[in-house]
1. In region 352-430, which GluC sites (Glu not before Pro) are in a loop and have at most 16 other Cβ atoms within 10 Å, using DSSP for the loop call?
2. Kindly report the accessible area of the chain per residue (heavy atoms of protein chains, probe 1.4 Å, no ligands, DNA or RNA), in Å².
3. Lys and Arg at +1, Asp and Glu at -1: add these up for the other residues within a Cβ distance under 12 Å of A8 and post the number.
4. Percent relative contact order of region 132-276, based on C-alpha pairs within less than 8 angstrom and at least six residues apart?
5. Among I306, I256, I110, which one moves the most in a GNM of the chain with springs linking Cα atoms closer than 10 Å?
6. Using 7 Å Cα-to-Cβ label points, what is the L299/Q101 separation (nm, one decimal)?
7. How high is the relative contact order of region 20-107? Use alpha-carbon pairs under 8 Å, at least six apart in sequence, and give a whole percent.
8. Relative contact order, percent, of the chain when contacts are C-alpha pairs under 8 Å separated by at least 6 residues?
Amino acid sequence: MATVLIKAATVVNENRRFVADVLVKDGFIERIDQSINTPADQVINAEGLHLLPGCIDDQVHFREPGLTHKAEIYTEARAAVAGGITSFMEMPNTVPNTLTQQLLEDKYAIAAQKSLANYSFYMGASNDNLEEVLRTDVANVCGIKVFMGSSTGNMLVDNPKTLENLFSQSPLLIAVHCEDEQTIKNNLAYYKAQLGDNITIDYHPKIRSTEACYLSSSMAVELAKQHNARLHILHISTAKETELFDNSIPLKDKRITAEACVHHLWFTEDDYATKGNLIKWNPAVKSAQDRDAILKAVLDGRIDIIATDHAPHTTEEKAQPYLQAPSGGPLVQHALPALLALHQQSKISLEQIAEKTAHNVATCFQIDKRGFIREGYWADLVLVNLNQPWTATTENTLYKCGWSPFEGTHFPASIIHTMVSGNVVYSEGNFNETNRGQRLTFNR
């Protein structure tokens, strides 16, 4: 493998900021020093640039297999590295749903051939595959995904006995989508009785309400406490839910952790008027008060991770009436630029971005030798220019679906170079596809 020498970067790592050279050899960070003059195959002049640990996205939907008209592992991983995301963890609601060990390994095989980013895949849980779930290898699978609310296929887990068994028996981290199905059904029936099929997108946060989220999240927290399970609640979308989480103990000691997504930190229900179904997500984007409370919980340590929940659909699918349009949107290319924009607005520091998108993900999932800029660790790195503005357009969007909810947004900072496992895979709009990313492994 090529050796790479990064010169004079402003390193952002572990709550510090300092100028240094970084030498990468055989995929790993070999040395970090004020001045390194070792010969290298590639030298990157990083003067004036900030070097962050590559983002680790703990929640994406890359749609392969079975839904490749929307996205593929190849296309979305490519968009991810262009956005500074060097590793991803992908969800099991593909077609077929990832409910057996063989189907899980099939996805790993696809990624090994196609993914520019490092990768891991969640094992899916259903009401009737507990034995298969418990066979999951804790050392090379990121976790178990449980939908405790609406889902696709056979993935809604609403059987109390199944949930008890999962929480009491799984040695793996259990990542949970929390929305109460019955509450959502009741809300939908209420609005249908008033409006028939003429319900519009602005009713989305009323149907998938705060109560639906909190009821499910609080039940998951109680189950986890009862069984001492390792629980990770995904995409917190309400102020009320932030009260469920703790910041009084170190992350490495937490048994219950939480994630916020970029869209819940950026958009509010006021944006439905202009964005419509393009920002239809589950859980729903809600009020500005909810958005601000989520950011506060991120900053004070009650919420541990920032991710994307990247979930593409075609423009045709999104153009359907509200009730038919699917939920989800593409985000991996624009997530770090959005966070850097929030930094420029003095809402979050660079150190906090590195912590929430890399350090904490590595700690939370016990990822081996990634997520930090440390000697002896894998070189998953991103160089950003905080003073190179650009505007998101259809033309510069890399998702297979061809659109972004951020189109028209002016970003103040750009991703310049992305390095995955020691390989520079993205440089100023150009890709090097010689090498593929690697399977994440875990210290468990």
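The values are calculated or read from the model by the stated rules, or taken from the named source; none is laboratory data. Please read these numbers as outputs of a predicted model, since none were measured by experiment. Cβ atoms come from the backbone with ideal geometry, glycine included; neighbour counts cover every protein chain shown. The protein model used for the area step is the full one, side chains on, heavy atoms only, and it has no ligands, DNA or RNA in it. Shrake-Rupley method; radii C 1.70, N 1.55, O 1.52, S 1.80 Å.
1. Details: sites: E355, E375, E395, E407, E428; in loops: E375, E395, E407, E428.
For GluC sites (Glu not before Pro) across region 352-430 that sit outside H, G, I, E and B with at most 16 neighbouring Cβ atoms in 10 Å, the list reads E375, E395, E407, E428.
2. Numbers: 16340 Å² over 444 residues.
Ligands and nucleic acids excluded, the result is 37 Å² per residue.
3. Details: positive: K7; negative: D21, D33, E47.
For residues surrounding A8, the net value is -2.
4. On the way: 187 pairs, mean separation 32.6, N = 145.
The value is 22 percent.
5. I110
6. 4.7 nm
7. On the way: 88 pairs, mean separation 21.4, N = 88.
Value for region 20-107: 24 percent.
8. Numbers: 1077 pairs, mean separation 94.0, N = 444.
Contact order relative to length: 21 percent.
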